Structure formats: C-alpha cells, structure tokens
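As structure tokens, the structure follows; a few thoughts come after it.
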Amino acid sequence: MQRIEPDIQQLFTRIKEDDKEAFNCLFRLKYESLLFFAKSYLGETGKAGEVVSDLFVWLWMNHERIGDIGSPEIYLFKSVKNRCLNALRDSSKVVPLDEQPITEQSLADSNPLSRMEHKELSARLHALIENLPDQQKQVFKMIKESGLSARQTAKILHLSHRTVETHLYKAVKKLEEEITLYLGYSPRKKQMKKIMAVLW
C-alpha cells in the first residue's frame, strides 16, 4: 500500500531550497494529524494548536538549517511530542507516575545490565533495527522512538491497526531474541521489560 513518506521527503527537500509552496503544502498535509497527536498530550486546549503552529513557524524560519532528515514523518511527530512535554513542564502540570518515562537513571538499581553492557547491547539492537524490513522498521520507530500509539501510526501510514501491531510484534520479538543471545540466557518477562525500558 502506498505511503506518504516519499512525498514528505520531497517536500522537505524543496523547503530547504526556499520553496514556500512546498512549505504550504506540508502544512496542509500534516497540520491536522499533528494537531490530533498534540491533543493526546495537551487535551482539547488551544495550547495544542499553538504547539503545532510554533513548530511550522520554526521549520520555515530555520528551513536552510534543517539538514538531510532521513524520516521527516517521524521528525515532525517527535518534534511535536517534545514541544508538548515542554509545555506540560512549563505549565507545572504533573505527569501521572505510570506515564512518566523510565530512564536509565531511574532503573539503575534494578537494571540487570552494567553501563558497558547497556552501550554494547544498545548498539547491537539499533543496528538490528536499521536492518529490519522498511515498514517494520518505520512502525517500530514511530511507536517506540516517537511515542505514537499503534492507532496513530496506522492512520499515518494508511495501514490497518492489526497490521501495525503485527509489524511491532515481529520487531520486538527480534530484539528480544538478540537480547537473549547477548545475555546467554532468556530473561524473565519482567526483566526483559526493564531492559527494553532502559533502551527505549
């Protein structure tokens, strides 16, 4: 099924070359889906629209410095996510404990990997991700790295929700197999979850 990623890649190239029509086209193409995504963090408030609009303003003001972005679709959603998190922090809103990101530091005591092992395994897994089939890789990155839900990813890629979940399952399964191979044993489900949380 056709994806819109190549079109956006072309638009970014034209925007970098000072093509305002390409910028307007990108705005029309992505504003609504980015707004929908921002509302998943900020709720039905004007702040979500402000975040998305600010991103487009920044993009045009810095279009000569955006560089060669390999995955513009992911870049846009990740930028919105970061801006939403900044907006939440600035407004002193407290993120519920079960929604707070798990960091390497917060899992230091329970993390079964040493710092060196973490770096080595992380490098191996990221190399594995880059060699996944294209659509599987894109789904994994959009969900695990950009923070989109499976339904949001399905909508963006024009895939069924089930297809997205299947791609994600297969990608995660390959990563778990690589972790097991690296450690020399199969971690328990809870331990595997902690390792994955530290890495992503």
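Here, each number is a calculation from the coordinates, and none is a lab measurement. For clarity, every value in this text was computed on a predicted model and none was experimentally measured. Quick reminder, even Gly has a Cβ in these numbers, built from the backbone with ideal geometry, and neighbours come from all protein chains shown.
Table for the structure above
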item: Kirkwood Rh, Cα atoms: Rg over Rh of the range 115-199; result: 0.99
item: Computed magnitude of the charge dipole of the range 5-96 (debye, nearest 20; Cβ of K, R +1, Cβ of D, E -1); result: 440
item: Footprinting exposure proxy for C25, C84 (fewest neighbouring C-beta atoms within 10 Å first); result: C25, C84
item: Sorted by Cβ neighbour density within 10 Å, fewest at the top, the residues I74, I195; result: I74, I195
item: Pairs beyond 18 Å (Cα-Cα), from K81/K189; K155/K194; K16/K155; K47/K144; K144/K170; K170/K193; result: K81/K189; K155/K194; K16/K155; K47/K144
item: Among 26-34, 186-194, 8-16, the order from most to least packed when residues are scored by Cβ within 10 Å on average; result: 8-16, 26-34, 186-194
item: Packing-based ranking, highest mean first, of 55-65, 39-49 given that Cβ atoms within 10 Å are counted; result: 39-49, 55-65
